[in-house]
Each structure stands twice: as structure tokens, then as C-alpha cells.
Amino acid sequence: MERNVVLFLVLSVAIIIGYSVLVPPVPLAPLVKTEGPAPMSVPPATPPPDVPGGKTPPRDPGPEREVTVETDLYRATISTRGAVITSWRLSRYTNGAQNRTPIDLFVPQTEGATVFPLTVVVDTTDEALKTAFERGPFALEGGDLRLSPLNPTGVLHLTARGPHGEELSKHLTFHHDSYQVDLQVTARRTSAEARVVLGENFGIRSWGDMTMVGYVGPVTLVDGEPVQDKPSKLDRPAVHAGRVGWTALQDKYFVAALIPSAAQAVAVAERFGEHRVTAGLRLASGGQPTAMRLYAGPKEYDRLVAMKIGLDETIDFGWFIYGSWSIVRLIAEPLFLILKFLHAYTGNYGVAIILLTALIKTVFIPLTHKSYISMRAMAALQPQMQSIQKKYKHDKVRLNQELMGLYKSNKVNPLGGCLPMILQIPFFVAFFNILYTTIELRQAPFILWITDLAEKDPSYVLPVLMGATMVLQQKLQPTTMDPMQAKLMLFLPIVFTFFFLTFPSGLVLYWMVNNLLSILQQVLTKKYWKPQPLVIPKGL
């Protein structure tokens, strides 16, 4: 049983490591631009009755212009061509330790057409109207904005005219201390169905980071439940109607979301090609304004929870091998909150991990103590067990009866020694999720050469030390294995060390500290525990 549990643990870690290799991303097929199960029928736009011949000279928007909006959190660029976002740079997040340039949540495609954030897509055969609303010139009211506590909000108003008097307006309100933008979009004098979209991959900075953990792509909160529209399955646009809380594009650390103000809304997720997706909300018909909010920023836990719209569901605390399990989230999320609490006092997430590991170990001391006692008792009974196995090797039923009698008379649980390893698995997975999915741990330094607890140890010192603690732990741990099995298990630290070479250094730190505390507990147990006299059955 001890061997089987160890092998199970090895396989669990192997699956976590090998998942991205064994299950590579599915190639994406070209988009089939249809809506729902059948092509939508869009009635032609009708000229307004107050416009002779349906023609209205558009207000001159002037040449294309870009305005910037700067806050303490981001620097955004808005173009009057389409009234869209062309850049959204985060002031507090950089591309890496070596590349200190701010992260831009929107990077236009270098090849092919690009759909920009806040584009209004029109479902019509009128190409002139599509061009006017999607990429036409907009008249701008307002200018560059620099927001601060003394100047907390700023407004931009953009308006465009269609070829037959149609009008599209976008009213944007920015806030100095928030990644949210209040947005009101109105399409007048047109019966064509339209939707405002997030733009291609807005909020998705990397497709490769979460091949092992979590999900990258469009996700929509429908009736209180997040629904993921996997890009590989978006051969047709996915339409979600009803109680839509938000629709978003997400990756490991960042998210861009449109949040409708109305109780009922229609969200649409679609794909334009490989690693090119978007999501959006349909506009109200009849010239009615559609109010919504845009969130474009990091998946900061406290900030998303404070929004009270369930956007924190995009942080996948519950991942385990082939999907999200709520029971895993029940462990990981509280652990993360405790970790944040400890970090607030220590100022170092590495120290916080050590303290949290010690706390977890302390809570389980009574249980693990019983397990160590059981393991030592099983080791003491090894000669009697071997005698029973030899005596009844041809009678399996009697063999099991005699062994169970031996365990019962000595009050030994043969499964008790497996408990410490089994207990470690859910906390290992929880720490794995925390370190792989929370932006708070991103680029968090520990000591000296460890500058990012969410990345592997560049010098491989921690994995080697962790392997050494496993060797020492094996030497101290009593075993009921035969000599051949015991020799094979000596390779386990080597296997684990190899696996942990690519694990986040924070996870390796947790496992190493847990091993050290286990060694300490084993030493104390061996020193102070007084074994009970064995009860030897007659005939052995």
C-alpha cells in the first residue's frame, strides 16, 4: 500500500508536468462567419423619414487623431478612426525581469485584418455602413486626459455618421484609480443588428502560459456560472442570451471584460483564426443607448472581488489535471488569502510560504503523529508478517485473516502510514494553482538568486536541496518493503528532483520546507515515543 501511494504521488506530479506535452493545444480552424445555427437575415437599413432621399451630409470629423488617457494604473490610446482603443499599457506591470517595458494588453496583429477594442461590428450587407461604423472617421469631443486624485474623471465623446443618416456614438468616462471605463454606445436610425466587441485578443498576452493550468480565451458569466468558449470549438460564433454578468477574454494573469448594465443581455464570442478571438455585447435596438463597463487589467484578487460581479472566477484556483474542481478551489482560495495576510506582515512571499507551510504542518501534527506511530509499529511487526506470509502462502484467505488478526491485536492500522503523503497532495495542488495563476506571485522575489517565485529556480539550487531532504526523509522513515523495493524507492528523490526542476520556485520551497518539518517530527517521534509490547500470535 505504501508503495502504491508513492507511485500515485509520482504519477500525479508526472501528469501535471507532462500535460502540456501529452495534450498539446488543438490547432484552430478558420472562422466560419455565421451567427447561430443558420445565417442571420438582416433587414436593410431604411432611410429616416426626416431626411430627403435618405442622405445626410456627415459632420466633418477632421483628420484621424489619437488621444491619450493617462492614469496611475494605465496609459490608453484612443483613435478617432473607428473610435477604438489602439493601446492599453499597464503602468505597474512589465514584461519581465529582463524586459521592464510596460505590458500592453492590446497588440495589433502584424498580418491580416485586426479588430480593435470597442469596435462596433454591424451585421449587414451594406458595406458602406459597416465601414462607417467599424473603421470610419469619428468626430471627437474632448482631448488628452491626465487623471489624478485632483482630476479623478475624464470624458471622451465620439460620433460617426453612416451613408444614409445613421449615427453611432460612443461616450467613455475614465477614472484615475480604476481599470474600469464607463461606456455608453448608441446606434440610431438603423435596423441593423450591431455589437461592441473587445477586439482581437484584448487582455490575452500569452497563449502558452496556461497549457498546464487554467484556460485562455473567451469566457462569459451566464446565470451566475462562467461558460468557457474554447477557441478550438468556435467554428461558429457562440451566442449567450439571458442574465449575462460579463463577457471577457482572459489569459493567465490578465483579463479584458465588457460588463452590461442591463439585467438581460446578449454576449457573442467568436474566432477569426488561430489564436485570434474576441467577445462582445449586442447593442439595444431602436436607437436606445446601451450602457456597460469595460474592465481591462490584471487579475488582482482583491480588486476583482470588490467589483462583486464574479469576475474573480477568471482566477482558476480549482484546476486539477483535466479541469476545474470546486473542492480544489475550496482549499486553494483560503490558502491564498492566508498567504496574502502573511505577506502583509512579512513583505516577502517566500517567507509567507514558509510560515504557511509551518502552519499547515502544525494543524496536522496530531494526525501525522498517529501515522508515524503506525508506520513504526508496522515496521516492528515485519518479522511476524513475513512468518504469516510464508506459512499461509498457498491460502490467500487464511493469510489475510491472520494478518488482520495481527494488526487488530496490536492496534495497528496498515493504511495509517500512507496518510501523510495523501494529506500533502491537495495542498500541493493548491499551492501549484496559487503559484501558477495569481498575479500577486508574479515576479515576487524571495532571496538572492530567486527573483520570481512563480518561475523555476534559475540555478536549480532549491530542487537539489528538496531532493536531499527527500533522501534524508527516506532514511528516517520505517518501511515494510522488501530490500529490492526499498532500493527501487531510493530513485524516487531523483525522479522528484527532475520533475521539480521546472516547477515554480515557490512550490519547490513549500515542498522542501514541508519535508524538513516532517523530518523534524520523525526525529522527535523516534526519540520520545515508547513502543508498546508486541502481541505475538501463537505459532509464530
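Which shape class applies to the range 270-320: rounded if a/c is under 1.5, otherwise prolate when a/b exceeds b/c and oblate if not, where a ≥ b ≥ c are the square roots of the Cα gyration tensor eigenvalues? It is oblate, given that a/c is not under 1.5 and a/b is not larger than b/c. In this rough spin-label picture, where each label sits 7 Å from Cα along the Cβ direction, the Ala468-Val351 distance is 2.4 nm. Relative contact order for the range 363-465 using alpha-carbon pairs under 8 Å, separation at least 6, rounded to a whole percent? After rounding, I find 20 percent.
Tell me, what is the FRET efficiency for Ala291 and Gln382 to the nearest 0.05, using R0 = 51 angstrom and their Cβ-Cβ distance as r? Plugging the Cβ-Cβ distance into 1/(1 + (r/R0)^6) gives 0.10.
Note on Lys526: accessible area is roughly 130 Å² with a 1.4 Å probe, heavy atoms of protein only. Segment Lys391..Ser148, full-extension length gain: 79.0 nm, with 0.36 nm per residue of separation and the alpha-carbon distance subtracted. Between Val523 and Phe364, the FRET efficiency from the beta-carbon distance, with R0 = 22 Å, is close to 0.80. The range 378-393 and the range 157-207 have Cα centres lying 77 Å from one another. Per-residue accessible area (protein heavy atoms, 1.4 Å probe) orders Glu333, Glu70 as Glu70, Glu333, starting from the largest. With the simple spin-label model, which puts each label point 7 Å out from Cα in the Cβ direction, the Arg92 to Ser191 separation comes to 5.0 nm. Using the Cβ-Cβ distance between Gln443 and Lys408 with R0 set to 51 Å, the FRET efficiency from 1/(1 + (r/R0)^6) comes to roughly 0.40. Accessible surface comparison of Arg376, Arg92, probe 1.4 Å, protein chains only, largest first: the order is Arg92, Arg376. Shown are Arg282, Arg236, whose ranking by accessible area with a 1.4 Å probe and every protein chain present, most to least, is Arg236, Arg282. Within the same chain, lysines fewer than 8 places from Lys526 are excluded, and of the rest, those with a Cα less than 20 Å from its Cα are Lys361, Lys370, Lys411, Lys475. Centre-to-centre, using Cα atoms only, the range 268-323 and the range 222-258 are separated by 6 Å.
Between amide H atoms placed 1.01 Å from N, distances below 5 Å from Trp319 occur with Trp325, all of them 5 or more places distant or on a separate chain. Plainly put, the range 238-386 has a radius of gyration that is 1.21 times its Kirkwood radius, both from alpha-carbon atoms, as the Rg/Rh ratio.
Counting only the Cα atoms, the range 283-348 fills a convex hull of 143 Å³ per residue. When the square roots of the Cα gyration tensor eigenvalues are ordered a ≥ b ≥ c, the ratio a/c for the range 75-231 is 1.5 or more and a/b does not exceed b/c, which makes its shape oblate. Per-residue SASA remark: Lys396, around 130 Å² accessible (1.4 Å probe; ligands, DNA and RNA not included). Across the range 440-455, rounded Karplus estimates of 3J(HN,Hα) from the backbone phi angles (6.51 cos²θ - 1.76 cosθ + 1.60, θ = phi - 60°) give 4, 8, 5, 6, 7, x, 10, 9, 6, 7, 8, 9, 8, 5, 8, 10 Hz, Gly and Pro being marked x.
The residues neighbouring Gly224, those whose beta-carbon lies less than 11 Å from its own, together hold a net charge of -2 under the Lys/Arg +1, Asp/Glu -1 convention.
The values are calculated or read from the model by the stated rules, or taken from the named source; none is laboratory data. Computed from a predicted model, the values in this text were never measured in an experiment. Positions of Cβ are backbone-derived with ideal geometry, glycine not excepted, and every protein chain shown enters the neighbour counts. Calculation scope for accessible area: heavy atoms of the full protein, side chains included, ligands and nucleic acids excluded. Shrake-Rupley method; radii C 1.70, N 1.55, O 1.52, S 1.80 Å.
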